[in-house]
1. Angle check, please: helix 16-29 long axis (alpha carbons) against the longest principal axis of the chain (alpha carbons), in degrees 0 to 90, nearest 10.
2. Can you tell which of SER127, SER34, SER142 shows the greatest fluctuation in a Gaussian network model of the chain with Cα springs below 10 Å?
3. Would you mind calculating the relative contact order of segment 126-188 from Cα pairs under 8 angstrom and at least 6 residues apart, reporting the percent as a whole number?
4. Scan the chain and report its longest stretch carrying no chymotrypsin sites (Phe, Trp or Tyr not before Pro) that are both in a DSSP loop and have at most 10 other Cβ atoms within 10 Å.
5. For segment 171-177, take each phi angle, set θ = phi - 60°, evaluate the Karplus expression 6.51 cos²θ - 1.76 cosθ + 1.60, and give the result in whole Hz per residue in order, putting x for glycine and proline.
6. So what is the 222 nm mean residue ellipticity for the chain from helices alone, if each DSSP H run of at least 4 adds -39500 (n - 2.57) and you divide by all residues, rounding to the nearest 500 deg cm²/dmol?
7. Give the label of the value calculated from the structure for Cα extents along the principal axes in Å, choosing from (1) 92, 45, 30; (2) 39, 39, 35; (3) 52, 36, 25.
8. Angle between the Cα long axis of helix 37-47 and the longest principal axis of the chain, 0 to 90 degrees, nearest 10?
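The numbers here are math on the coordinates, done by the rules we state, and not lab data. Note that the coordinates shown come from a computational prediction; the quantities given were computed from them, not determined experimentally. Neighbour counts are summed over all protein chains in view; Cβ atoms, including those assigned to glycine, are modelled from backbone coordinates with ideal geometry.
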Amino acid sequence: MRRGAGRDRHRLHAGATPAALIWSAALLAAPFLSFAPAQALPWGLGAALLLGVFPPVLVAYLKKRNDLRRFGPSSLPPVVLGAAALGFMLQRLILWLDGPLALSAAVFALLAAAMVLLVANAFTAWSWLDVTLGAGIVMFGSLAALLFTGPVGTALAAAVVLILLVVILRRARAGSPLQHLAGAAAGTAAGGGIFLWLLAYAR
């Protein structure tokens, strides 16, 4: 094992649960861009529970039983692997049931962010939380501006973006600034970019 590999693995897995909560919030809100509230709420709750809540709970259970040792090493945290696998299943459900396309855009954003992390961590050790925060800047900014139109939406979008930027900068100042900022920038470009691109066709 190369020197520092333990620290890299800790950095890779750190923040997986907070990131899951961020994605849960985005998945919960996205369907409201496509459907009326009564139709959007079940889709949003289902997606948030399936991709955001269920993977961390399952991983925690497997860790408690030491069952994760049976799986081979990966450059992605188990929580991210689980969410990505379930994301493909959810995409099929959205297609079969004519579900909200805005939710599909959010799921594709998660998958794109996970793919970027998978490729990047063959060379470095980005944090899933950093990538998520970067994607969240675009996603939450867009969701706030579109769900709450007018000055309220603009102010809310600006506030959310500012909060996420502050969190990213605080993490960068705490250590390894280039890694934190690079991960966040990649999340913004990949996750956020895919979300905006697909959202243009989804509403």
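1. Approximately 10 degrees, to the nearest 10.
2. Among SER127, SER34, SER142, the largest GNM mean-square fluctuation belongs to SER34.
3. Value for segment 126-188: 52 percent.
4. Free of exposed loop sites, the longest segment is 124-203.
5. Rounded to whole hertz, the list is 5, 5, 6, 6, x, 6, x.
6. -24000 deg cm²/dmol
7. Correct label, based on the coordinates given: (3).
8. Helix 37-47 and the main axis of the chain meet at about 10 degrees.
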